[in-house]
Amino acid sequence: MLKDLVRQNRSYRRFEQQVPISLDTLRSLVELARLSASGANLQPLKYVLVTDPDACAEVFPHLGWAGYLKDWSGPEEGERPAAYILILGDREIRKEFGVDHGIAAQSIMLGAAELGLGGCMIASINRQVLRTSLSIPEHLEILLCLALGKPQEMVVIEPVGPDGDIRYYRDTGGIHHVPKRSLDELIWKSI
Ligand SMILES: Cc1cc2nc3c(=O)[nH]c(=O)nc-3n(C[C@H](O)[C@H](O)[C@H](O)COP(=O)(O)O)c2cc1C
């Protein structure tokens, strides 16, 4: 079951924008992050939940999409995320956030996948402009943005080819391909 969920939990970048995601749904996803591990149990992460279409339109332009897809600048109007969860680090609690936000993000994305939703973790963020736009105070560091929605694209995993190229690509049918290294390549040593 978990393996199925992890396989299903791909990065999606095109959505049925008109399908809304409720604030309650986002709260239930952050609840999964709340229950997750945190270094020294300091729990320094804070969240901004964005569901209002006007607020979504404010977040969208500050995100960078799919750097490897050179001829695609991101989802068009109509296929954009219906919601966002911004993960912030509270510097009044801790100066460095280690891997806390990665763990939180994965819990949230797996929860979204279980609900039939999908999304993309986005670290390519125009942070200063977004901070101003959403009036986020300086002590809250913008760590990650999770774009969420009902996926409207097919994403498949495939083995990395002999050329070793790990860049994802979109084929002529619009299917997004994600090369993954083999298990044997990852396991450097078994002792
Ligand atoms: C920490 C992190 C930051 C990422 N930042 C971006 C980003 O800024 N823009 C984007 O389109 N995808 C981003 N991604 C998504 C990756 O490109 C994606 O995980 C990778 O291509 C593998 O695809 P998969 O998630 O379907 O396995 C990010 C992923 C992670 C884990």
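The values are calculated or read from the model by the stated rules, or taken from the named source; none is laboratory data. Just so it is clear, the model here is predicted, and its values are computed rather than measured. FYI the Cβ positions are ideal-geometry reconstructions off the backbone, even for glycines, and counts take in every protein chain you see. Heavy atoms of the whole protein, side chains included, go into the accessibility calculation; ligands, DNA and RNA do not. Shrake-Rupley method; radii C 1.70, N 1.55, O 1.52, S 1.80 Å.
Conditions (1) farther than 19 Å from HIS176 by Cβ; (2) out of contact with any Asp or Glu (no Cβ under 8 Å at 6 or more places or on another chain); (3) at pLDDT 95 or above, marked per residue:
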| site | (1), (2), (3) |
| --- | --- |
| TYR47 | yes, yes, yes |
| ASP52 | yes, yes, yes |
| ALA55 | yes, yes, yes |
| ARG80 | no, yes, yes |
| TYR84 | yes, yes, yes |
| LEU88 | yes, no, yes |
| PHE97 | yes, no, yes |
| ILE108 | yes, yes, yes |
| ALA112 | no, yes, yes |
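Which is farther than 22 Å from SER38 by Cα and among the hydrophobic types (A, V, I, L, M, F, W, C), of ILE87, ILE108, ILE175, ILE142? Outline the logic, then answer.
Numbers: ILE87 fails: farther than 22 Å from SER38 by Cα; ILE108 fails: farther than 22 Å from SER38 by Cα; ILE142 fails: farther than 22 Å from SER38 by Cα.
Sole residue among the options that is farther than 22 Å from SER38 by Cα and among the hydrophobic types (A, V, I, L, M, F, W, C): ILE175.
Can we say PRO75 is more than 16 Å from the chain's Cα centre (by Cα) and in a loop (DSSP other than H, G, I, E, B)? Write out each step before concluding.
Numbers: more than 16 Å from the chain's Cα centre (by Cα): no; in a loop (DSSP other than H, G, I, E, B): yes.
Criteria not met by PRO75.
For beta carbons closer than 6 Å, sequence separation of 6+ or different chains, a first residue in the stretch 97-108 that is open to solvent by 10 Å² or more (accessible area, probe 1.4 Å) and a second that is at pLDDT 95 or above and within 12 Å of the ligand (Cβ to nearest atom), the qualifying pairs are HIS101/ILE87; HIS101/LEU143; HIS101/LEU144. The residue that is nearest to the ligand (Cβ to nearest atom), among those in the stretch 52-71 that are open to solvent by less than 40 Å² (accessible area, probe 1.4 Å) and more than 17 Å from LEU143 (Cα to Cα), is ALA66.
Residues considered: ILE187, ILE157, ILE142, ILE175. Of these, the only one that is without any contact (Cβ under 8 Å) to a residue 40 or more places away in the chain and within 13 Å of the ligand (Cβ to nearest atom) is ILE175.
Of the residues examined, SER133 is not one that is open to solvent by 60 Å² or more (accessible area, probe 1.4 Å) and among the hydroxyl-bearing types (Ser, Thr, Tyr). Screening LEU69 on (1) more than 30 Å from ASP165 (Cα to Cα); (2) in contact with a strand residue (DSSP E or B) (Cβ under 8 Å, 6 or more places away or on another chain); (3) aliphatic (A, V, I, L, M) shows it passes everything except condition (1).
If a residue has to be away from the ligand (no atom under 16 Å from the Cβ), in a helix (DSSP H, G or I), open to solvent by less than 40 Å² (accessible area, probe 1.4 Å) and of a type outside the set (Val, Ile, Thr) to count, how many in the stretch 1-46 make the cut? Outline the logic, then answer.
Here is the first cut: in the stretch 1-46, the residues away from the ligand (no atom under 16 Å from the Cβ) are 1, 16-32, 34-35, 37-44, 46.
Now drop any that are not in a helix (DSSP H, G or I), which leaves 23-32, 34, 39-41.
Within this subset, residues satisfying the condition of being open to solvent by less than 40 Å² (accessible area, probe 1.4 Å) are 25-26, 29-30, 39.
Imposing the further condition that a residue be of a type outside the set (Val, Ile, Thr) reduces the set to 26, 29, 39.
Counting residues in the stretch 1-46 that are away from the ligand (no atom under 16 Å from the Cβ), in a helix (DSSP H, G or I), open to solvent by less than 40 Å² (accessible area, probe 1.4 Å) and of a type outside the set (Val, Ile, Thr) gives 3.
Among the residues making up the stretch 141-170, a single one is assigned to a loop (DSSP other than H, G, I, E, B), open to solvent by 40 Å² or more (accessible area, probe 1.4 Å) and of a type in the set (Val, Ile, Thr): ILE166.
When the stretch 127-140 is examined, which residues are found to be in a loop (DSSP other than H, G, I, E, B) and of a type in the set (Ser, Thr, Tyr)? Before the answer, list the steps.
Kept after step one, since they are in a loop (DSSP other than H, G, I, E, B), are these residues of the stretch 127-140: 135-139.
If the condition is that a residue be in a loop (DSSP other than H, G, I, E, B) and of a type in the set (Ser, Thr, Tyr), then SER135 is the only one that fits.
ARG94 meets each of the listed conditions (1) outside any loop (DSSP other than H, G, I, E, B); (2) surrounded by fewer than 19 Cβ atoms within 10 Å (Cβ to Cβ) apart from (1). Checked against (1) farther than 22 Å from SER38 by Cα; (2) buried (at least 20 other Cβ atoms within 10 Å of the Cβ); (3) of a type outside the set (Lys, Arg); (4) within 13 Å of the ligand (Cβ to nearest atom), ASN126 passes all but a single condition, namely (2).
Before we move on, is LEU49 within 16 Å of the ligand (Cβ to nearest atom) and in contact with a helix residue (DSSP H, G or I) (Cβ under 6 Å, 6 or more places away or on another chain)?
Details: within 16 Å of the ligand (Cβ to nearest atom): no; in contact with a helix residue (DSSP H, G or I) (Cβ under 6 Å, 6 or more places away or on another chain): yes.
When the stated conditions are applied, LEU49 does not pass them.
Scanning the stretch 107-126 for residues that are within 20 Å of PRO151 (Cβ to Cβ), β-branched (Val, Ile, Thr) and in a strand (DSSP E or B) gives a single hit, ILE122.
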